[in-house]
Amino acid sequence: MVQKLKRLKRELAHSGAIVNMYEDSIEMPNGKVVKWDFIEHPKGAAAILPVLPDGRILMVRQYRNALDRITLEIPAGARDSVTEDTAVCARRELKEETGYSCGKIEKLLSLKSTVAFCDELIDVYLATELTKGEQHLDEDEFIDLEGYRLEDLCEKIYAGEIQDAKTVAAVMAYANKRKQE
């Protein structure tokens, strides 16, 4: 049975450009006080699964410092402010990272990326009716674009080649949506 825990204190340990890290003091049901890490993602984020006219899904390949390797993901990024509509953010990230614009956007799902220690919320959208333009990458972004069949992405997920939570959730939600149509 899960019992009530009580947060006694939250202390800011580090304030960063995207996230803030805290050390929380938590009182357990037996009275013991433990320290837990908490990462706040104050703005939230949006991600977008872009489907090309031929049915392939446009993916971005980029370096991720936390893993020290290149990953295959859907385009995504943080909101500019806590009040920015996530659909606006998703459209912007699509344009910046891929160069494409979408004629149609539809919300697929919302997810919390890592509930054990982070409050990041990501709204995930489906983009169709894509038109090609030019990428507008940030100065610290180096991204390659690749198109994949849905079936190939599902295989990559099951093989452990794609592990990014937002990408896995988006691809699986889209696969389910396609099955329902």
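Remarks
- Segment 46-62, residues that are small (Gly, Ala, Ser) and either open to solvent by 10 Å² or more (accessible area, probe 1.4 Å) or free of Cβ contacts under 8 Å to residues at least 24 places away in the same chain (or both): GLY55
- Of the helices (runs of 4 or more DSSP H) lying entirely inside segment 70-181, those containing at least 2 residues that are over 16 Å from ILE48 (Cβ atoms) and open to solvent by 20 Å² or more (accessible area, probe 1.4 Å) span 150-158, 165-180.
- Test: residue in segment 148-155 that is more than 15 Å from ALA47 (Cβ to Cβ), in contact with a Leu (Cβ under 9 Å, 6 or more places away or on another chain) and touching a residue at least 60 places away in the same chain (Cβ under 8 Å): yes
- Any hit, segment 2-16, residues being hydrophobic (A, V, I, L, M, F, W, C) and within 19 Å of SER113 (Cβ to Cβ): no
- Flag if ILE26 is over 27 Å from ARG178 (Cβ atoms) and either of a type in the set (Asp, Glu) or not in a loop (DSSP other than H, G, I, E, B) (or both): yes
- Look at (1) more than 30 Å from CYS154 (Cβ to Cβ); (2) surrounded by fewer than 16 Cβ atoms within 10 Å (Cβ to Cβ) and you find that ASN65 fails only one, number (1).
- Residues of segment 55-69 that turn out to be of a type in the set (D, E, K, R) and in a loop (DSSP other than H, G, I, E, B), as a count: 2
- Lone qualifier among LEU109, LEU130, LEU121 - being over 21 Å from VAL19 (Cα atoms), within 16 Å of the chain's Cα centre (by Cα), modelled with pLDDT of 95 or more and of a type outside the set (Asp, Glu): LEU109
- Single match in ASP80, ASP85 (criterion: under 16 Å from the mean Cα position of the chain (by Cα), more than 18 Å from THR167 (Cα to Cα) and at pLDDT below 95): ASP80
The values are calculated or read from the model by the stated rules, or taken from the named source; none is laboratory data. Small disclaimer: the values here were computed from a predicted structure and weren't measured. Here Cβ is always computed from backbone atoms with ideal geometry, including for glycine, and neighbour counts include all displayed protein chains. For accessibility, only protein heavy atoms count, side chains too; no ligands or nucleic acids. Shrake-Rupley method; radii C 1.70, N 1.55, O 1.52, S 1.80 Å.
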